[in-house]
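K.L.:
Here it is: the structure, laid out below.
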Amino acid sequence: MSASDPDSLPPRWQAAWHWGAPALTLAALALLAWHCVFNPNIHFLPPGSGKWIVYPLPPQLEMYSGLELTGTFRRAFVLPEKPSAALLSWRCLTNGELRVNGVVVPRPVSSAKNWKATLPLDIGPLLKQGANQISVLLTNQLGPPALSLELKTGNFLLTSDETWEVSVSGSNWRAAQAAAATPRPGKGNELYLLETTPDALRRCWPWLFLFAAISVGGVALLQYYLARTVAFPKMILVIMAAAWVLLFLHNFPSIPAACGFDASDHLDYVSYVQNHHRLPHVGEGWETFQAPLYYILSATLLSLGHCEAFQPAGLVLLRFLSLAIGAVNLALIFAGLRLIFPGDWKKPLTGLVLAAFLPAQIYLLHYTTNETLSAMFVTGALCVGLHLLRAKQPGWGWYGVLGIVLGLALLSKVSAVLAVPAILGALAVKLMLRRERAPLVWLGAVGAPLLICLLMGGWPYLKLWRDYGNPLAGSWDPKMFAPWWQAKGFQTPAYYFSFGDSLTRPFFSGLHSFWDAIYSTLWGDGLWGGKVTLESRPPWNYDLMTVGFVLALAPTALVLTGLVRVLRAVNLPWLLLLAVGWLFAFAILDMSLKMPSYALIKAFHGLPALLPFCALGALGFEFWAGRGKVTRYFLGVTLGIWLVNLYASFWIRPKAVQSELSSAIAASLYLKGDSTAGFLNVLNHHPNDSQTMIWLATSEARMHPQQAVQRLEQAIKNDPANARIESELAWDLALCDRLDEAVAHAKRAYEQAPEDAYACQIWCDLALRRHSYEEAVTAGRCELSLNPTDSQAHFNLGVALMNLGQSAEAITYFSTILKAKPTWAEARFCRGLCLLGQPGKRAEGLADMKEAVRLDPANKDWQTTLQNARKDN
């Protein structure tokens, strides 16, 4: 961007850029900060006088249902004398009732309207000399209840901290946890066995030495041929293309069925279009709110190939479609880089290498997803936009092409809408620089592309607007699907001002910070393609990938260096590129606040901004490569190690137990045929693998429970500390009517893996079957300590308490279920039975029982019980 650059902005515009860009960024951040502090719809815990505390739920990967959670926080304290005045300030997420020594303290109206508001209260008259207690009952439907409280009286100060006790929806009482903290997983948690960088280094350091040797040799060869071969750029392109295609052709046969983020839901969408020859109604499936182009293309391709989405041949076709989309996207990126850096072959080639081997791009191209198609069309639109900015007198047809490509992008994914104002805004700036005032020129250059784009791609969003009142509605919208949330269910300032877990414990590090979420999904498959169990995750080489996150600091530094260089002096094409990147970055940040779920924060949501990202990386590489021979050589070797390690990370080993087992699991879940055949094949190659034995036994138990028991009893001898084997064995023993043994194994499974909610669930179920109600209560409370939104756990606890004669407490569990699932007939009937014995509640109990009979008219026992209850009345 020299002064002779024909696209350079005039000095007045450069000055406006230097103050305007930071001002606009700060204004956007200030707007987000205002929403964080004052908007009650944003589950952000703003700092204040008292620290926010929550129940210490272990980190969980699964989705929580929108069951209303009730949290009780309590703290006892001693005062040497009765105070004349005591100032209490408190807030809660989201509704609550505070009691001081058993007396309810009314909450101010203004605070009740906005849970973030804090107003002081004088509770001096409610306190006494000696022992006192504060208890707070909170409710929250979309996340865990949280409390912030401070009490001052004289020299005495009490704040919400880890000394408080908490119980959520009838779980065990535990010490509170700071909301900003994320506890480390314990035994039984899927996160407990995740790879860490030190352990991965110990296991794979010989490979890193080999990669270093390859990198040193590769850099030497590149330097040799660079000085002696005119066709060097073409040679690099051929080698890169061959390596890129080889990786996918090698991996495709070993990728499990329906692998990827919500892949089975995407395939359901494709199947619906193929079988019904129309688009599904929004809400008929988890992904049916998505724009339809990818699914129409996929369904058409499958029909032409005479196969279906959930057939092996169909899955192969869809993978080759992804490969073709990726190849076209790379070609467009290369074309765009040549427009950004005219007359230079080094920077476009460098940027292309970064694009081709960016981990986020590589793993997405293995999956069934519309992300890559959307990125391809946005990249195409950017290329057309760059051509229009560069050309002195572009033909009017190019503006029509721009509108068409933007329309196709909108038909691929809603996020493409962010590219529209960036591209059209850059074209408007060009017209302003030319002092163009003719209305027809403005209509042709800006209005025509916008009109074509909206006519082509706007209709799916009009349907969403008509049906749900929001053209950007998605699966997070409660109008479309039942409410749900994921850890943590809220955000804190610490989440946005910390980083580092992605370098030490990279997988699912988005639980700890926003920047770790972005980094771990950009430079590796940090979310396992949406899978949440070790045995079903994609069969990458995770030790190498773990180390790769540290090595990826090198290309990260290149991109940041390029960004600093561009910000100093921007031209018109870079104004467009930076605007696209800026909009996608803020959209991801905004979404992380509106829907505080670790799984929604993914770097590849910004994949349409891949062209500016790679251009920045190319600029950074040029800067550091120009610092001298030693720096250039060190940079080349470092990047070479990263590239070779990255390639090896994604190179699937077909005969590895992880590869075979994940494919067998996927086949049993999504493909037709014998569900046990795949697991038997894995055991033929790996006869002592415990996880395979568990899955095989699970498949066999439906028809041959005794055979499954024998298999698991042998497995437990080989792996006696495996809690999952204990759980499955307990369940299969129950199928064989060996309840006493089953309960003993289930309890042992929980003792070995106290953070395994599945083990707790089986223990509670089996104890209930054996009529061990007190044990069922213990197991049920343990389960709620791990997942307080589990409706089945609430039901089991209610049944156990009802049979122990504790009807009042049982009613609370049944009521919790019925708030979220009013048609659960069994829960309603049980609550009715409990209400019959409560003073003044008989009519309400009969009404519940009558409604349950209406919901399940085939249940004759209920009808008889209802008739007898009416007679007794």
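The values are calculated or read from the model by the stated rules, or taken from the named source; none is laboratory data. Nothing here was measured: the structure is a model prediction, and the numbers come from that model. All Cβ positions, even for glycine, are placed from backbone atoms using ideal geometry, and neighbour counts span all protein chains on display. When the accessible area is computed, the model is the full protein with side chains, heavy atoms only, and any ligands, DNA or RNA have been set aside. Shrake-Rupley method; radii C 1.70, N 1.55, O 1.52, S 1.80 Å.
K.L.:
Note down the nm distance, to one decimal, between modelled labels 7 Å out along Cα→Cβ at residue 864 and at residue 771.
P.N.:
Result: 1.7 nm between the two label points.
K.L.:
Multiplying the sequence separation of residue 278 and residue 391 by 0.36 nm and subtracting their Cα-Cα distance, what value in nm do you get?
P.N.:
Gain on extension, residue 278 to residue 391, equals 36.5 nm.
K.L.:
Using a cut-off of 22 Å between alpha-carbon atoms, which lysines can reach residue 187, once sequence neighbours fewer than 8 places away in the same chain are excluded?
P.N.:
Output for residue 187: 488, 531, 717, 747.
K.L.:
Next up: Taking the mean number of other Cβ atoms within 10 Å as a proxy for protection, how do you rank 680-687, 828-835, 325-332 from highest to lowest?
P.N.:
Going from most to least packed, we get 828-835, 325-332, 680-687.
K.L.:
While we're here: So what's the convex hull volume per residue for the Cα atoms of segment 3-58, in Å³?
P.N.:
Taking only Cα atoms, segment 3-58 has a hull volume of 182 Å³ per residue.
K.L.:
Now a separate question. Please report how far the C-alpha centroid of segment 624-668 lies from that of segment 812-873, rounded to the nearest whole angstrom.
P.N.:
60 Å
K.L.:
In segment 251-404, if the dipole is taken from +1 on Lys/Arg beta carbons and -1 on Asp/Glu beta carbons about the Cα centre, which of 285, 369, 267 is farthest to the positive end?
P.N.:
Towards the positive end, the residue furthest out is 369.
K.L.:
A further question on this structure: Considering every Cα-Cα pair within segment 107-188, what fraction, in whole percent, is farther apart than 21 Å?
P.N.:
Counting pairs separated by more than 21 Å, the tail of P(r) holds 43 percent.
K.L.:
Helix 825-836: angle to the longest alpha-carbon principal axis of the chain, degrees 0 to 90, nearest 10?
P.N.:
So the inclination is approximately 30 degrees.
K.L.:
May I ask you to derive the FRET efficiency for residue 442 and residue 871 from their Cβ-Cβ distance with R0 = 60 Å, giving the value to the nearest 0.05?
P.N.:
With a Förster radius of 60 Å, E is 0.15.
K.L.:
Quick one: angle between helix 448-457 and the longest Cα principal axis of the chain, in degrees between 0 and 90, rounded to 10, please.
P.N.:
40 degrees
K.L.:
To the nearest 20 Debye, how big is the dipole of the chain about its Cα centre, given +1 on the beta carbon of each Lys and Arg and -1 on that of each Asp and Glu?
P.N.:
In total the dipole reaches around 2660 debye.
K.L.:
With the crude spin-label approximation of a point 7 Å out along Cα→Cβ, what separation in nm comes out for residue 499 versus residue 27?
P.N.:
2.6 nm
K.L.:
A further question on this structure: Could you compute how much accessible surface residue 61 exposes when probed at 1.4 Å, giving the result in Å² to the nearest 10?
P.N.:
In the full protein context, residue 61 sits at about 10 Å².
K.L.:
Could you work out what % of the accessible surface of the chain is carbon and sulfur, using a 1.4 angstrom probe and leaving DNA, RNA and ligands out of the count?
P.N.:
63 percent
K.L.:
Could I ask something else about it? Would you calculate a helix-derived [θ] at 222 nm for the chain, using -39,500 (n - 2.57) for each DSSP H run of n ≥ 4 and dividing by the full residue count, to the nearest 500?
P.N.:
Value at 222 nm, helices only: -18500 deg cm²/dmol.
K.L.:
Right, next: In whole percent, what relative contact order does the chain give with Cα contacts below 8 Å and a gap of six or more residues?
P.N.:
14 percent
K.L.:
Oh, and also: Suppose the chain between residue 114 and residue 228 were pulled fully straight at 0.36 nm per residue; how much longer would it get relative to their current alpha carbon spacing?
P.N.:
Gain on stretching residue 114 to residue 228: 34.0 nm.
K.L.:
Semi-axes of segment 818-873's equivalent ellipsoid from the Cα gyration tensor, sqrt of 5 times each eigenvalue, largest first, rounded to whole Å?
P.N.:
17, 15, 7
K.L.:
What per residue convex hull volume, in Å³, comes out for the chain when only alpha-carbon positions are used?
P.N.:
Considering the Cα atoms of the chain, their hull volume per residue is 212 Å³.
K.L.:
Residues of segment 42-71 with backbone nitrogen within less than 14 Å of a virtual label 7 Å along the Cα-to-Cβ line of residue 99, please, listed as ranges.
P.N.:
Answer for segment 42-71: 71.
K.L.:
Round to the nearest 10 and report in Å² the accessible area of residue 809, as given by a 1.4 Å probe over the protein chains' heavy atoms.
P.N.:
Taking all protein chains as shown, residue 809 has close to 60 Å².
K.L.:
Net charge around residue 832, counting only other residues with Cβ within less than 15 Å of its Cβ (Lys, Arg = +1; Asp, Glu = -1)?
P.N.:
Once all neighbours under 15 Å are counted, the net charge is 0.
K.L.:
How high is the relative contact order of segment 727-834, given as a whole-number percent (alpha carbon pairs under 8 Å, six or more residues apart)?
P.N.:
That works out to 17 percent.
K.L.:
Using the Cα centre as the reference, give the magnitude of the dipole from point charges on the C-beta atoms of segment 688-782 (Lys, Arg: +1; Asp, Glu: -1; all else neutral), rounded to the nearest 20 debye.
P.N.:
It comes to approximately 120 debye.
K.L.:
D for segment 1-148, whole µm²/s, Stokes-Einstein with Kirkwood Rh over alpha-carbon pairs at 37 °C and 0.692 mPa s: what number?
P.N.:
After rounding, the answer is 172 µm²/s.
K.L.:
List, in order, the whole-Hz ³J(HN,Hα) value for each residue of segment 547-559 obtained from phi through the Karplus relation with A = 6.51, B = -1.76, C = 1.60 and θ = phi - 60°; use x for Gly and Pro.
P.N.:
So the Karplus estimates, Gly and Pro as x, are 5, x, 5, 6, 4, 5, 4, 5, x, 4, 4, 5, 5 Hz.
K.L.:
Let me ask you something else. By average Cβ neighbour count within 10 Å, what is the ranking of 664-671, 259-266, 756-763 from highest down?
P.N.:
Highest mean packing first, the order is 756-763, 259-266, 664-671.
K.L.:
For segment 552-657, give the magnitude of the charge dipole about the Cα centre (Cβ charges: +1 Lys/Arg, -1 Asp/Glu; no others), in debye to the nearest 20.
P.N.:
Computed about the Cα centre, the dipole is about 300 debye.
K.L.:
Normalise the Debye intensity by I(0) for segment 561-707, one equal point scatterer per Cα, no solvent, then take log10 at q = 0.20 Å⁻¹ and round to two decimals.
P.N.:
The calculated log intensity ratios at q = 0.20 Å⁻¹ are -1.15.
K.L.:
Related question: Please work out how much length the chain gains when fully extended from residue 313 to residue 713, using 0.36 nm per residue of separation minus the C-alpha to C-alpha distance, in nm with one decimal.
P.N.:
Contour length minus Cα-Cα distance gives 140.2 nm.
K.L.:
Find the Rg to Rh ratio for segment 439-490, where Rh is the Kirkwood radius over alpha-carbon pairs and Rg uses the same atoms.
P.N.:
Using Cα coordinates only, the ratio equals 1.27.
K.L.:
Any idea which of 106, 139, 124 is furthest toward the positive side of the dipole for segment 58-156, if Lys and Arg beta-carbons carry +1 and Asp and Glu beta-carbons -1?
P.N.:
Highest projection toward the positive end goes to 124.
K.L.:
If you project the alpha carbons of segment 737-869 onto the principal axes, what extent comes out on each, in Å, largest first?
P.N.:
46, 30, 26
K.L.:
Roughly how many nanometres apart are two label points built 7 Å out from the Cα toward the Cβ at residue 300 and residue 78?
P.N.:
Calculated label separation equals 7.9 nm.
K.L.:
Also: Where does the charge balance sit around residue 45 when Lys and Arg score +1, Asp and Glu -1, over other residues with C-beta under 14 Å from its C-beta?
P.N.:
So the surrounding residues net to +4.
K.L.:
Here's something else I'd like to know. Using +1 at the C-beta of Lys and Arg and -1 at the C-beta of Asp and Glu, which of 606, 530, 509 has the Cα lying farthest in the positive direction of the dipole of segment 501-635?
P.N.:
The listed residue farthest towards the positive side: 606.
K.L.:
For an R0 of 45 angstrom, estimate the FRET efficiency from the Cβ-Cβ distance between residue 623 and residue 465 and round to the nearest 0.05.
P.N.:
0.45
K.L.:
If one takes the longest principal axis of the Cα atoms in the chain, at what angle in degrees, from 0 to 90 and to the nearest 10, does the Cα axis of helix 197-228 lie?
P.N.:
10 degrees
K.L.:
Hey, another quick one. Dividing the Cα radius of gyration by the Kirkwood radius, what Rg/Rh value follows for segment 321-396?
P.N.:
1.02
K.L.:
Net charge near residue 159, counting Lys/Arg +1 and Asp/Glu -1 over other residues with Cβ under 12 Å of its Cβ?
P.N.:
Local charge sum for residue 159: 0.
K.L.:
Please report the Cα spread of segment 788-831 along all three principal axes, rounded to whole Å, starting with the longest.
P.N.:
25, 21, 13
K.L.:
Enumerate the calculated ³J(HN,Hα) couplings along segment 394-411 in order (Karplus 6.51 cos²θ - 1.76 cosθ + 1.60, θ = phi - 60°), each rounded to whole Hz, writing x wherever the residue is Gly or Pro.
P.N.:
x, x, 5, x, 5, 5, x, 4, 4, x, 5, 5, 5, x, 5, 4, 5, 6
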